[in-house]
């Protein structure tokens, strides 16, 4: 998660690290305005604070670098980090995101097309979900992203995007199915195809879902994805 944001928002992050005999901890402060999700979800937040720590005392040491007097979204992967945060900031739990990955072989769907040049109809379908493609187009051109598209009757029925996060780890995200074709298992077919393509390239998939998104959680289970990380959002003054 930290490496993803360091790579995606290089001009908008600050990094702090501490270490001692108990281990190490890293804090990544992201300008919230740089993230489309954070801008929309936490409009009063100035920064999103990601913490990866091996001991609560190290977490506490990092908090001196977190700005005061502004809205903050703390994004924590360990429950133990909440106590030191609460000792210095009043926070409210907002939501959580679960990351999952593939645990076995997946068969692609024969009727799903893989492309680095999705057509306008496919992009328009993605845009109905509020996706900002300004960051994606350069990745598609450079081979660091691809789309899986299921078509029928000249229309895009369902589509998915996979893109590089860091190194061999790729995000499998942005599944969208046309409203008139939902609840037919089409999303599962494009996701299976994306997972199979990544496996064929020797890459590691990461699928992220918000804790209350029941359809997406069900889709993840249907294609054999298993959780490995949960990031909980705690809001301060936003």
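The values are calculated or read from the model by the stated rules, or taken from the named source; none is laboratory data. Please read all numbers here as calculations on a predicted model, not as lab measurements. So basically every Cβ, Gly included, is an ideal-geometry build from the backbone, and we count neighbours across all protein chains shown.
Of everything in region 79-107 that's at pLDDT below 90 and surrounded by 13 or more Cβ atoms within 10 Å (Cβ to Cβ), which residue is farthest from residue 163 (Cα to Cα)?
106
Run down 47, 70 and say which single residue is within 24 Å of residue 24 (Cα to Cα) and either in contact with a helix residue (DSSP H, G or I) (Cβ under 6 Å, 6 or more places away or on another chain) or surrounded by fewer than 18 Cβ atoms within 10 Å (Cβ to Cβ) (or both).
47
Looking at region 174-182, can you tell me whether even one residue there is assigned by TED's automatic domain parsing to the domain that holds residue 159, crowded, with 17+ Cβ neighbours inside 10 Å, under 30 Å from residue 45 (Cβ atoms) and at pLDDT 90 or above?
No.
Check 154, 143 and return the single one that is free of Cβ contacts under 8 Å to residues at least 12 places away in the same chain, out of contact with any helix residue (DSSP H, G or I) (no Cβ under 8 Å at 6 or more places or on another chain) and at positive phi.
154
Out of region 126-144, which residues are modelled with pLDDT under 90 and outside any loop (DSSP other than H, G, I, E, B)?
Within region 126-144, 126, 127, 136, 137, 138, 139, 140, 141 meet the criteria.
Please specify each residue of region 172-205 satisfying the condition of being over 24 Å from residue 124 (Cα atoms) and either in contact with a helix residue (DSSP H, G or I) (Cβ under 9 Å, 6 or more places away or on another chain) or part of a loop (DSSP other than H, G, I, E, B) (or both).
Residues satisfying the conditions are 201, 202, 203, 204, 205.
If the requirement is being outside the structural domain of residue 199 (by TED's automatic domain parsing) and in contact (Cβ under 8 Å) with a residue 60 or more places away in the chain, which of these qualifies: 93, 78, 68?
Step by step, each of 93, 78, 68 is checked, and only 93 is outside the structural domain of residue 199 (by TED's automatic domain parsing) and in contact (Cβ under 8 Å) with a residue 60 or more places away in the chain.
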